[in-house]
Amino acid sequence: MTGSRHDVHRAYCAACGTRVSRQFRPGPDGRPDAKCPRCGSLERHRFLSLLLGSLGPDLRDLDTVVEIAPSRQSTPLIDRLGARRRVRLDLGHDKREVDALASLTALPLRDASVDLLVCYHVLEHVPDDCTAMREIARVLSPRGIALLEVPIRMGVATEEDPLAAPEDRVRRFGQADHVRWYGDDFDDRLAAAGLSSVRVTPPALVGEAAVSWFRLMAHEVVWVARPGQACGTPVLPGSGSGLAAAFDAVLADLARTEARLARARTRAERLAAERDALRARLAGGQPSAEHPMLTRLRRAAHL
Ligand SMILES: [Zn+2]
């Protein structure tokens, strides 16, 4: 059975770890049901939290983790991993907290020193993204993992123009500070830079029912990349692992329990109304007019 948002009304925020019964808030672009009312996480932060959990065995005993362009919502998720050293980098100053200002094309990090690097929605800003990808491959340790996310259009090649005027970029790439829109060749670009990668989507990781329960975006894609051309990519739970099927079963069971609870509530309300009506009838009768037998029955029943 496939769940839907109509089957189970409540949701679970995988970022702050709480069950949310209120409506999720709209996202930055006004899309409905996107932002957790408790912690402010968006769909991608909740998916990142689940992804980090799924990669658990690969993320034990971390030495250095690097977050590129950190956010208020993602930093706590990465902090939870308990790495010995955490480095937050960004190109420029704003109100976010960073440890150093640096370009992705010249990372101030030693070769093979990073066990986890998280880089969401950055590469589309970088004119020389090949150098940026090579830098990621350079700093990753042999066991290192990079989690990458970019805007992508499936079925077409990457369209890019780092020299385009800002107003032209808005029209062609969606934002004045984007220089490209990635397409199907993104994986090849990673491979050319020395990164082997797998694509992970929310439905593949946790199943359709859990996509709804966690308020994720079904079409989101994260690239889980490792240094080297043919080395083993992390083993992620997917459709074959049983995790998605387990979520489907649990959430279907939860939906049935909620439906049973709703029916029981309706029955209880009907019985309470009948009881109140009976009480009103008994209280309304005058003692003189009440049949002695009814009085005795009433006393016996403590009504
Ligand atoms: Zn939350």
Report task. Using the heavy atoms of the protein chains and a 1.4 angstrom probe, tell me the accessible area per residue for the range 11-236 in square angstrom. Result -> 44
**Report entry** Net length gained if the chain between Ala300 and Leu254 were fully extended (0.36 nm per residue, minus Cα distance)
**Finding:** 12.3 nm
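Taking 0.36 nm per residue of separation and subtracting the Cα-Cα distance, what length does fully extending His121 through Arg153 add?
Details: separation 32, 0.36 × 32 = 11.52 nm, distance 1.40 nm.
Value of the extension gain: 10.1 nm.
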Query - Loop sites in the range 74-154: GluC sites (Glu not before Pro), DSSP, at most 15 other Cβ within 10 Å - result: Glu97
Query raised in the report: Modelled label-to-label distance, Arg199 and Asp33, 7 Å Cα→beta-carbon offset: nm?
Result: 2.4
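Among 268-276, 205-213, 64-72, 170-178, how do they line up by average Cβ neighbours within 10 Å per residue, starting with the highest?
On the way: 268-276: 10.1, 205-213: 23.1, 64-72: 21.3, 170-178: 14.0.
Packing proxy ranking, top to bottom: 205-213, 64-72, 170-178, 268-276.
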Report summary line: Expected vector for the range 62-75, Karplus 3J(HN,Hα) from phi with 6.51, -1.76, 1.60 and θ = phi - 60°, integer Hz, x for Gly and Pro, equals 7, 8, 10, 10, 10, 10, 8, 6, x, 10, 4, 8, 8, 4
Report summary line: With all protein chains present, the range 68-134 has a carbon and sulfur share of its accessible area (1.4 Å probe) in percent of 52
**Report entry** Prolate/oblate/rounded label for the range 11-236 (Cα gyration tensor, a/c 1.5)
**Finding:** rounded
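Multiplying the sequence separation of Ala277 and Arg22 by 0.36 nm and subtracting their Cα-Cα distance, what value in nm do you get?
88.3 nm
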Query raised in the report: From the backbone phi of the range 40-52, what are the Karplus-calculated ³J(HN,Hα) couplings (6.51 cos²θ - 1.76 cosθ + 1.60, θ = phi - 60°) in whole Hz, Gly and Pro given as x?
Result: x, 5, 9, 3, 5, 6, 5, 5, 4, 4, 5, 5, 4
Query raised in the report: Got a sec? Which residues in the range 130-169 would a label at Ala100 touch, if it sits 7 Å along Cα→Cβ and we count backbone N under 16 Å?
Result: 135-141
**Report entry** With every protein chain in place, the range 251-300: carbon and sulfur % of accessible area (1.4 Å)
**Finding:** 59
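The values are calculated or read from the model by the stated rules, or taken from the named source; none is laboratory data. Note that this is a predicted model, so its numbers are computed, not measured. Note that we place each Cβ from the backbone using ideal geometry, even for glycine, and neighbour counts take in every protein chain shown. These accessible areas exclude ligands, DNA and RNA; they are computed on the full protein's heavy atoms, side chains included. Shrake-Rupley method; radii C 1.70, N 1.55, O 1.52, S 1.80 Å.
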